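Visitor: The structure that follows is given in the form of C-alpha cells.
The values are calculated or read from the model by the stated rules, or taken from the named source; none is laboratory data. On a predicted model such as this, the values are computed, not experimentally measured, just so you know. Quick reminder, even Gly has a Cβ in these numbers, built from the backbone with ideal geometry, and neighbours come from all protein chains shown.
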Amino acid sequence: MKCRAAIISLIILTALSGCLKTAPAANPPSRDVNTDEQSFSFEAGVAANPFSVWDELAARQYEIVSIDSPEDPDLFNLYLEGVSHSDPYVEWYACNKLIAYSEHPEKQKAIDAIEKLLVSTDINVVTAAKFALEVYQHNFNGPAFSRSPDGKRVAFHLFNEARYNDGEVWIYDFEQSTVYPLKGQWLSVEDLKWSGDSNKLSIAYGGRTWGSIDLVDPMTGESLLENSVYDVLEKNKLYTAVKQARPDPYYRLVEWSPDSTKAMMSYSFMDDDNKVQQGIVIYDLRKAAYTTVMPYASGEAPYPEINKPEGFKW
C-alpha cells in the first residue's frame, strides 16, 4: 500500500450530539458521524503501520478519520486493516468506508474480512457488516436500500446505525457494475425516494430540529430545485417565524406525480405565536417553479404527518 504521503485528519464531531441508534453495550459512548471545522492533522507512515491510524481513532471515540492521499487515492488496504482492529467503533467505521470499494479487484479480501465481523458481540458492527455484504454481493435487500422502479440502480447512504450520518448518497448501477457517490452533500440523509421514471431522486435530510428536501439528478447529484420550499413560503408571506427562536422547520416529499414531472412536498414549522403552520407545495420540474402552495389550518405540536390532500388528483 502506497500511502506514505497520506495526511490523516481526526475531525472533532461537535456539530451534532448524535449517537448510535442501537446501543452495543449497557453504557456505550456517544458516537457521532457529522463533522465540524476543528481538526487535528498529522503526517503518518501509513504503509508501515496502518494500525496507528485506527489506534488513534479508537482512543478518541468521538471523532471520524478523514484521509487525503493525492499520490494514492486507493485506500482499500487501509480500511481493510480497520475492519480487523480490536475496537468495535473502528470496525464499524472502517466497514462502512469499505463499501466504496465493492467493485475493487481484490474485493474478495474485503468480503472475507467483513464476514468475520458477523460474530462480533457489538450489534452495530454486525448490522454494518450485513449491510456491507448486501452491497458487495449485489443483493440490496432491506429498507436501507432504495431501488429504482426500473431496477437499474439502487440508492443508499452509509452509517445507518448512527443517529446522524455523513450526508453522502451512494448509487449502485447494475448496468455499469459501479458504485459511486453523488457530488452533492446533504447533512445526515434520512430517506431516499425515486421518481416513477427512475430519472430523479428525492433526498430527505436534516438534523435534530429541522428537516429539508432536495430533488436531484441521480447521475450527477445536481439539484433540480431552482428554489427551496422556504423560498416559496417567504415569497408568499407564509413563513411567519421571524421572532420564533425554535421554528423547527421540516420539509418532506409527499409523492411524485405519476408522470414524474412534478413533486408534492410538505412543510411544517412553529410560527411566532407558537402555532404549527403546515401545508403542501407542488414543484413543476419542467417549469422549474412552484405551481401550487396550499396552506393547511394551523395546529398544535407535535407535527402531524402530512399526506396528499383528500380528493387531490394530479
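Visitor: With the requirement that a residue be among the small types (Gly, Ala, Ser), part of a loop (DSSP other than H, G, I, E, B) and more than 10 Å from the chain's Cα centre (by Cα), what does the stretch 140-173 give you?
Guide: Filtering the stretch 140-173 for residues among the small types (Gly, Ala, Ser) gives 142, 144, 146, 148, 151, 155, 162, 167.
Those left that are additionally part of a loop (DSSP other than H, G, I, E, B): 142, 144, 148, 151, 167.
If the condition is that a residue be among the small types (Gly, Ala, Ser), part of a loop (DSSP other than H, G, I, E, B) and more than 10 Å from the chain's Cα centre (by Cα), then 142, 144, 148, 151 are the ones that fit.
Visitor: Of the residues 275, 243, which single one is of a type in the set (D, E, K, R), out of contact with any strand residue (DSSP E or B) (no Cβ under 9 Å at 6 or more places or on another chain) and over 26 Å from residue 145 (Cα atoms)?
Guide: Numbers: 275 fails: out of contact with any strand residue (DSSP E or B) (no Cβ under 9 Å at 6 or more places or on another chain).
When all the criteria are applied, what remains is 243.
Visitor: Could you run through the stretch 283-312 and say how many residues are surrounded by 11 or more Cβ atoms within 10 Å (Cβ to Cβ) and assigned to a loop (DSSP other than H, G, I, E, B)?
Guide: Of the residues in that region, 13 qualify.
Visitor: A follow-up question, please. Just the residues that are farther than 19 Å from residue 187 by Cβ, touching a residue at least 40 places away in the same chain (Cβ under 8 Å) and among the aliphatic types (A, V, I, L, M), please, taken from the stretch 225-255.
Guide: If the condition is that a residue be farther than 19 Å from residue 187 by Cβ, touching a residue at least 40 places away in the same chain (Cβ under 8 Å) and among the aliphatic types (A, V, I, L, M), then 232, 233, 238, 254 are the ones that fit.
Visitor: Residue under question is residue 132, and the condition is that it be among the small types (Gly, Ala, Ser), buried (at least 21 other Cβ atoms within 10 Å of the Cβ), more than 22 Å from the chain's Cα centre (by Cα) and within 27 Å of residue 60 (Cα to Cα); does it hold?
Guide: Against the criterion (among the small types (Gly, Ala, Ser), buried (at least 21 other Cβ atoms within 10 Å of the Cβ), more than 22 Å from the chain's Cα centre (by Cα) and within 27 Å of residue 60 (Cα to Cα)), residue 132 does not qualify.
Visitor: Could you tell me how many of the residues in the stretch 241-274 are assigned to a loop (DSSP other than H, G, I, E, B) and either in contact with a helix residue (DSSP H, G or I) (Cβ under 8 Å, 6 or more places away or on another chain) or over 29 Å from residue 313 (Cα atoms) (or both)?
Guide: The qualifying residues number 13.
Listed here are the residues, each with its yes/no results for (1) surrounded by fewer than 16 Cβ atoms within 10 Å (Cβ to Cβ); (2) more than 30 Å from residue 210 (Cα to Cα); (3) in contact with a strand residue (DSSP E or B) (Cβ under 6 Å, 6 or more places away or on another chain).
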| site | (1), (2), (3) |
| --- | --- |
| 80 | no, yes, no |
| 117 | no, yes, no |
| 137 | yes, yes, no |
| 164 | no, no, no |
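Here is a yes/no grid of residues against (1) without any contact (Cβ under 8 Å) to a residue 24 or more places away in the chain; (2) among the aromatic types (Phe, Trp, Tyr); (3) not assigned by TED's automatic domain parsing to the domain that holds residue 90:
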| residue | (1), (2), (3) |
| --- | --- |
| 122 | no, no, no |
| 129 | no, no, no |
| 146 | no, no, yes |
| 154 | yes, no, yes |
| 158 | no, no, yes |
| 164 | no, yes, yes |
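Visitor: Go through (1) in contact (Cβ under 8 Å) with a residue 24 or more places away in the chain; (2) surrounded by fewer than 19 Cβ atoms within 10 Å (Cβ to Cβ); (3) not in a helix (DSSP H, G or I) and name the single condition residue 111 misses.
Guide: Only one criterion in (1) in contact (Cβ under 8 Å) with a residue 24 or more places away in the chain; (2) surrounded by fewer than 19 Cβ atoms within 10 Å (Cβ to Cβ); (3) not in a helix (DSSP H, G or I) is unmet by residue 111, namely (3).
Visitor: Kindly indicate whether residue 177 is surrounded by fewer than 20 Cβ atoms within 10 Å (Cβ to Cβ) and in contact (Cβ under 8 Å) with a residue 60 or more places away in the chain. Steps first, answer last, please.
Guide: On the way: surrounded by fewer than 20 Cβ atoms within 10 Å (Cβ to Cβ): yes; in contact (Cβ under 8 Å) with a residue 60 or more places away in the chain: yes.
For residue 177, the condition - surrounded by fewer than 20 Cβ atoms within 10 Å (Cβ to Cβ) and in contact (Cβ under 8 Å) with a residue 60 or more places away in the chain - is met.
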